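The values are calculated or read from the model by the stated rules, or taken from the named source; none is laboratory data. Since the structure is predicted, the reported quantities are computational estimates derived from the model, not experimental observations. So basically every Cβ, Gly included, is an ideal-geometry build from the backbone, and we count neighbours across all protein chains shown. Accessible surface is based on the protein model in full, side chains and every heavy atom, while ligands, DNA and RNA are left aside. Shrake-Rupley method; radii C 1.70, N 1.55, O 1.52, S 1.80 Å.
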Amino acid sequence: SGTAQATGRNSWAATATITLADTDGRAVSGATVSGSWSVGAADTCVTDINGRCTVTSDNLHAKKVTFTVTGVQHPTLPYDDALNVQTSIAIARP
């Protein structure tokens with residue numbers, strides 16, 4: 001999911017929340033999620049006990065940005081990107 005917040009007169013911030021679950025639907029904690037923003041910046045986060053993590057891009061001026069997950073690393077679990085439900089999160093300016 002994604003949220004947007006005005007941060008200045010002409011700028012805003014976008015926050016993408018990524019949720020990871022295993023094939024049985026259980027939350028996956030401790031996974032490092034890598035991705036990139038459509039404005040060119042790369043970002044990473046580590047999932048918490050609920051399988052969620054967030055990344056934020058601020059000082060934005062575009063009408064819309066997208067965060068795309070490019071990879072997931074976990075110390076013991078394999079990752080198969082073919083099983084993803086969604087890999088990109090589009091967020092519009094507030």
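Points worth noting:
- For region 9-24, the tally of residues that are of a type outside the set (Gly, Ala, Ser) and in a loop (DSSP other than H, G, I, E, B) stands at 6.
- Test: residue in region 47-62 that is free of Cβ contacts under 8 Å to residues at least 24 places away in the same chain and hydrophobic (A, V, I, L, M, F, W, C): yes
- Identification of strands (runs of 3 or more DSSP E) wholly contained in region 25-94 with 1 or more residues that are touching a helix residue (DSSP H, G or I) at 6+ places or on another chain (Cβ under 9 Å), over 28 Å from residue 10 (Cα atoms) and open to solvent by less than 90 Å² (accessible area, probe 1.4 Å) yields 64-73.
- First in region 1-25 and without any contact (Cβ under 8 Å) to a residue 24 or more places away in the chain, second anywhere and exposed (fewer than 14 other Cβ atoms within 10 Å of the Cβ) and assigned to a strand (DSSP E or B), Cβ under 7 Å, 6 or more apart: none
- Within region 54-94, the set of residues being under 26 Å from residue 7 (Cα atoms) and in contact with a Leu (Cβ under 8 Å, 6 or more places away or on another chain) comprises just one member, 93.
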